[in-house]
Amino acid sequence: MKISLFYEFALPRPWTHDDEREMFQDGLAEVEAADKAGFSTVWLTEHHFLEEYCHSTAPEMFLAAASQRTKDIRLGFGVMHMPPAINHPARVAERVSTLDRISGGRVEFGTGESSSVGELAGFNIDPADKRGQWEEALDVAIRCMIEEPFTGFKGNHIEMPARNVIPKPQQLPHPPVWVACTRPSSVQMAAQKGLGALSFAYTGPGPLAERVRGYYQEFEDKAEPTIPQLNPNILAIGGDLSMMVAPTDEQALKRLGVGGGFFSFGIMHYYMTGQHTPGRTGVWERYLDAVKEDETLAYGPGRGAIGSPDTVREFLRGYEESGVDEIILLLNPRSHEGTMESIELMGKHVLPEFIERDEKAVAAKAKRLEPVIEKVEARRKPLASPPFDPDYAFGGLPTGRGGKFTASEIPEAMAEINEGRVQAAQRAKDEQ
């Protein structure tokens, strides 16, 4: 089992003008330390308008910075929102490919639909359309990465003419593709499409084992992939997967404080029961009030990778035994010093044995899946790429309604450039 880190970049109020800068700088230092410690991937979510709960609104920016301070750790979108009003698929392909290039091929391409009222309504997306938008956008983004040129698309939600999208990714044909899976049915959908499942698992390692078995059975029996590169993997993330490691259990609990439950509380607030006034509602304040009424909302022993290295090792072994391929550990808000020591202790006392076992497990899995993948590939459905018209071309000035010019700034600028050339030539002639 691979062990990775997950950033929401929660920032409880009150914050000062410089706190967001400090939060990102601390995160970069942590990722650099995680790379040296042997963590597999750093995953960044993407959310918009969910203040306090998540300030990770442009994950590609942070991951690009992290790529220049690390060598081995993989860089995961966990996840990029695919509705075109949030991220047009051509821009998705450009950003993912650029990051893949500058990182030397370390991108994990996690995708999702978006689910909160704050985000869907903020971008005027009808929740009834989000699955269809994800499906179309994923196909278009992948085609933009692999086709030279992309030959065009016209669907229910996206329409785009032929263009050659550049750059292309470092990993060929494209980085590993994942999809966020909150419900068991979405885990089945991921398996049917041959995608990695970023599975939210709130029930612990026991029930997770059944979900893992179900994913691989569904993959073997029903997968009809369309994307070129299969990614049969299932990963676990959940509210019980916070990380705080210290020399003793008591020290870890003290450093964790009450912050470990804020992730789950934030989900409840923004996705289910909360009413939010932008720039006014105090989410952290509401969380602290809730903890006063119910102390179990704040995590303690048995609720994550929390405790001494021995305690954390035993906790993680339970998940390893479930058969899950990777586990993501959440980082506590405003806990930089504790997180840095946690990463160091994990690298020294916990990760080495998991890394050694994972290398063997990956090799055994590859051998086990060989006949399965052969069956799956036989059911493959090709991407619906229309033939490219070799006579198609674009050019000239953009025109608007009625064929009138709507973008005259370039001709005007070129006229100024030409006038400058004439004047420069005349000055040179006069000086001779």
Interchain or sequence-distant (5+) residues whose placed amide H lies within less than 5 Å of the amide H of THR45 are TYR7, GLY78
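Once the other residues with Cβ under 13 Å from the Cβ of GLY132 are scored (Lys, Arg +1; Asp, Glu -1), what is the net sum?
Numbers: positive: LYS130, ARG131; negative: GLU113, ASP126, ASP129, GLU135, GLU136, ASP139.
Summing Lys and Arg as +1 and Asp and Glu as -1 gives -4.
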Of ALA141, ALA364, ALA162, the most mobile residue in a GNM of the chain (C-alpha springs, cutoff 10 Å) is ALA364
Note to self: with every protein chain in place and a 1.4 Å probe, the chain gives an accessible area per residue in Å² of 48 Å²
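What FRET efficiency, computed as 1/(1 + (r/R0)^6) with R0 = 56 Å and r the Cβ-Cβ distance, is obtained for GLU370 and LYS404, rounded to the nearest 0.05? Don't skip to the end; give the middle numbers.
Numbers: r = 61 Å, r/R0 = 1.09.
The calculated FRET efficiency here is 0.35.
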For the chain, the percent of accessible surface on carbon and sulfur atoms (probe 1.4 angstrom, ligands and nucleic acids excluded) is 53 percent
So the angle from the long Cα axis of helix 351-378 to the longest Cα principal axis of the chain, reported in degrees to the nearest 10, equals 60 degrees
Using a 1.4 Å probe on heavy atoms of the protein chains only, the accessible area for ASP35 in Å², nearest 10, reads 20 Å²
Taking Cα atoms only, helix 19-37 is inclined relative to the longest principal axis of the chain by an angle, in degrees rounded to 10, of 70 degrees
Checking the stretch 189-253 for trypsin sites (Lys or Arg not before Pro) in a loop per DSSP with at most 12 other beta-carbon atoms within 10 Å yields none
Neighbours of ARG69 by Cβ distance under 10 Å: Lys/Arg at +1, Asp/Glu at -1, summed charge -1
For Kirkwood radius over Cα pairs in Å the list reads (1) 21.6; (2) 23.6; (3) 22.7; the calculated value is entry (2)
Ranked by GNM mean-square fluctuation in the chain (Cα springs under 10 Å), the top entry among ALA361, ALA191, ALA413 is ALA413
The alpha-carbon center of the stretch 400-432 and that of the stretch 54-71 are separated, in whole Å, by 41 Å
Counting all Cα-Cα pairs in the stretch 1-44, those more than 13 Å apart amount in percent to 59 percent
Candidate cut points under chymotrypsin sites (Phe, Trp or Tyr not before Pro) in the stretch 349-428, DSSP loop plus at most 14 other Cβ atoms within 10 Å of their own Cβ, are PHE388, TYR392, PHE394
For the stretch 331-347, in residue order, the Karplus 3J(HN,Hα) values (coefficients 6.51, -1.76, 1.60; θ = phi - 60°; whole Hz; Gly and Pro = x) are 9, 6, x, 6, 9, 4, 4, x, 5, 4, 5, 4, 4, 4, 5, 4, x
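The values are calculated or read from the model by the stated rules, or taken from the named source; none is laboratory data. No experiment lies behind these values; they were computed from the predicted model shown. All Cβ positions, glycine included, derive from the backbone under ideal geometry; neighbour counts span all protein chains shown. Areas reflect the complete protein model, heavy atoms only, side chains present, ligands, DNA and RNA absent. Shrake-Rupley method; radii C 1.70, N 1.55, O 1.52, S 1.80 Å.
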